[in-house]
Every structure is written in C-alpha cells, then in structure tokens.
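Below is one structure, written out as structure tokens; comments come after it.
The values are calculated or read from the model by the stated rules, or taken from the named source; none is laboratory data. Computed from a predicted model, the values in this text were never measured in an experiment. We place every Cβ from the backbone using ideal geometry, glycine too, and count neighbours over all the protein chains shown. When the accessible area is computed, the model is the full protein with side chains, heavy atoms only, and any ligands, DNA or RNA have been set aside. Shrake-Rupley method; radii C 1.70, N 1.55, O 1.52, S 1.80 Å.
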Amino acid sequence: MIHKRYLWLLALVTLVAACGITKPYRSPEVDTKDLFRGTQGSDTNTIAARPWQSFFTDTLLQQLIARGIRENLDLRIAMQRIVAAQAALKQSKLAFFPDVNANASVKQSRLAFPQGYGLINSATQYDVNVAASWEADIWGKLRSGKRAAQAALLGTVAAQQAVQSSLVADIAASYYLLLALDQQLLVLQQTLAYRGEDVSSMKELKAAGVVNGAAVVQSEANQYAAAVAIPDVKRQIRETENALSILLALPPGPVARGSITTQQLPQELSTGVPAQLLQYRPDVKAAEYAFRNAFENTNVARTAFYPSLNITAAGGFTSFDFSQWFTDAGLFGNVVGGLTQPIFNRGLNKARLTTAQARQQEALYNFSKTMLTAGKEVSDALYSLTSASEKKESREKQLASLEKAVDFTKELLRYSSSTNYTDVLTSEQNLLSAQIGSINDQLQQWQAVIALYRALGGK
C-alpha cells in the first residue's frame, strides 16, 4: 500500500513538473497606434479584403494577372515550399506513434575444433522478428515539435500569399508603366510632327525676310531634340515588356494593353485600421508564424534537460531448425521500458536552449520590424496618392497656359518683330516638359494605388 502511494505521488510530481516545462504560446504584443501616419480613423473597411479582380478592372490587365498567378515561376517555387512544409508536419505527427521495424535473416556459422580432432561443425540460424519503440511525450517535446511544424507550414502558406500579392502588384505596375510610356511616345511623335511643321514655317519666314538663318537652324535643332528622345522611350517600352514577360513565365515579347487615357482609378481606397495588417498582410503573418515556430522550438530545447521515457518491444522466431519456427521452442518476445536522463553532455543542451532563445528573440524583432515597415509603406502610398492628386488641377492650368504661350509666340514671330524664335523654342520645350509631367502624374497615381494595394496585403 505504501508503495502505491509513492507511485501516485511520483506520477503527480511528474505531471506538475511537465506542465511547467513548456510554455503556452501568446501572440506578440504590438502597439499599432499611429502606425499609419496622418490617419486616425476607426473604419475597418479595407481594400485588402477585396479580390484583385475588383481592384484592377482593366480586362487586358486581368488576363495578364490571371496568367501570372497560373504560370509564374516564383509562385510555383513557393508552392513547392508548402509541399515540403506539409511533409514536415506529417512527419511531426507520426512521431506520436511507435517506430516499427521488421527484420529477417539467415546466418551460417562454422565451428572448428582444436587441431588434431579433424572435425568442423556448421549451423544455420533462421531469424525473423518485429521490433517497436515508442517515446512517451511526458514533457511536451513532441507536441511542441508538432506545433512548430504547423507554424512553419502556415508561414510557407503566408509566404506564398506574399509572393502572389507582390506578383499581382508587379504585373499591374509594369502594365501601367507601359501605358505611360506609350503615351509619352505618342506625345513625342506628335511633337516631332509639329516641329517638322515649324521647320517648314521658319524656312518660309526666312524667304519672306521675317526671320534669319539662325531661326531656321534653331527650329531644326528643336526638331532633332524630339527625335532623339523617341528611341530612349522605345527602349524603355521594350525592356518593360520583356520584364513583364518574365513575370508571366513567357519569353520576351510584345504585351497586349490598353491606353492610360481610358483608365479609371478605384473610387474607394479605404485602408482599415493598422491592426488589420496582422489579418491581411501576408509577410506580417509569415513573420508571426516564424516567431511561433521559434517559440515552440525553444520549448523543445527545454525538454532536453529532462528524462525521456522509451518503451521498446520485440518479438519473433529464431531457431537453428526451420521446422521449429512456428513452435513454442522458436518463439521469443520482450518488452523493455526505460528512462534516459542527460547528466553530462558537454553543455550541448544548454547551448541548444541558448540558441533557440536567441532565434526566438530574433524572430520577435523581425516581426516588429515587419509591422513598422508595413506601416511605413502604407503611409508612403497614401501621401504619394495625395500629392499626385494635388498636382492635377495645377498641371491642367499649366498645360492650358503653355499651349496658349506656344500659339502666341508663333503668332508674334509671324506678324510682329517684338519676339524671336528663342521665345518659341522656350515655350515649346516647356509645353513638352509639362505634357510628359502630366503623364507621369497619372503614372504616380496608379503607382500609389498599386503600392497601397501591396502595402495593405491585397489578395
């Protein structure tokens, strides 16, 4: 009776000790106040909850994004990482079951007697057995290992989502860059045509004695300046098409696209609240899963300081006579249970725990940094969108004024001596610069929208 009490007491002490070795996981605390600079709203509506199809409505762009999601090689690589993580999780679950191995062997033995007897005996031993071993998860090592594998799997899934979110944003960014470059090329080609007309006009005015030869030469130089800019824009278009082709897993080639003049910006660009980054932004989720993985690995490292309970069993048949295999004479079996307590292992367990704790802290810092980076990217995108919108009204007025300036200086040059071709040249160059600037303003708006989509963790 006394022995039973001791056994119950030992079991109770073991159970209590086991509860204190591994620690339950808690999500890291993050102060999200003021994470989005200049926004204090509490509206939880966010564009991150919308599918990309409702965000990017250009049908040609949708076709490109759909192909990218289907064929992109980086996305396929990320999918294979998920497959590997799933296999690791399955392996961690199997650790709860016994390890079973079967063995069959035939062993030939020869026994030689001392010199002089002249006799040699031989024997054949037949063995077949099944052995099993099982480790009892007293301290939670296997459970923590399984949770670590689950976190690793979820981390790879989040990483794959991050790749897809970035892929959608990259395809959209390249697409709108192409539209902007197309429009720049169109403006330059129109400008080249207009300046060709200017050269003809200057030659006529010179013949009429209104201008001198310098005006003709300057007009020709102005025409060449527009012509020189065209090849650079064509090169940028081709390079952007080639880069976009890589995203689509295609060889370099042309890309079907629309026009920037027909594009409509999304009307509602709600950001939600900073805390929703944990829900929607995949790299933030991946960083938290990495922290959880490191946390559970620290739990595993703690259990190494305590004894492990292993139970092994074996059974089968062994005999020197094959006919006795399935008889009582050839049958054998055994069961062994044992505790293994580390006593001296040159500080390996302590070093492993210290390493695991350091990696856990590193993962925590990385998570905090990822959150801050996400807040910075949202803040930047919002302000970029605001600044691009603020330029719109002023840019429209600038273009209208410069168009008038070009017309006025040309008229003055033709019918009055109060101006010269330098004034025409200056007004034309300013107009071209403003036209290119207007296209870049539109591109900036789309780049800000795409950056906001990416920063919030768009689907």
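Figures for the structure shown
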read-out	value
The stretch 141-231: GluC sites (Glu not before Pro) in DSSP loop, at most 16 other beta carbons within 10 Å	none
Label-point gap, in nm, between Arg37 and Asn349 - each point 7 angstrom along Cα→Cβ	5.1 nm
Solvent-accessible area per residue, Å², over the stretch 389-459 with all protein chains present [probe radius 1.4 Å]	53 Å²
Sites Ser394 and Gln361 - FRET efficiency at Förster radius 45 Å, r taken between beta-carbons, to 0.05	0.35
Listed residues Tyr415, Tyr224, Tyr453 arranged by accessible area, highest first, probe 1.4 Å	Tyr415, Tyr224, Tyr453
Solvent-accessible heavy-atom area per residue, rounded to whole Å², over the stretch 159-203 at 1.4 Å	34 Å²
Residue order for Ile246, Ile77, Ile69, Ile47 - accessible surface, 1.4 angstrom probe, largest first	Ile246, Ile77, Ile69, Ile47
Percent accessible area from carbon and sulfur atoms, the stretch 149-303, protein chains only, probe 1.4 Å	56 percent
Sites matching GluC sites (Glu not before Pro) across the stretch 259-317 that sit in DSSP coil, with at most 12 neighbouring C-beta atoms within 10 Å	Glu268
For the stretch 252-261, Karplus couplings with θ = phi - 60° (6.51, -1.76, 1.60), whole Hz, Gly/Pro x	x, x, x, 10, 5, 7, x, 10, 5, 6
Given Lys206/Lys410; Lys146/Lys459; Lys234/Lys392; Lys234/Lys410, the pairs whose alpha carbons are separated by over 21 Å	Lys146/Lys459; Lys234/Lys392; Lys234/Lys410
R0 of 51 Å, Cβ-Cβ distance Gln80-Lys206: FRET efficiency to nearest 0.05	0.10
Ser394 accessible area, assembled protein chains, probe 1.4 Å, Å²	80 Å²
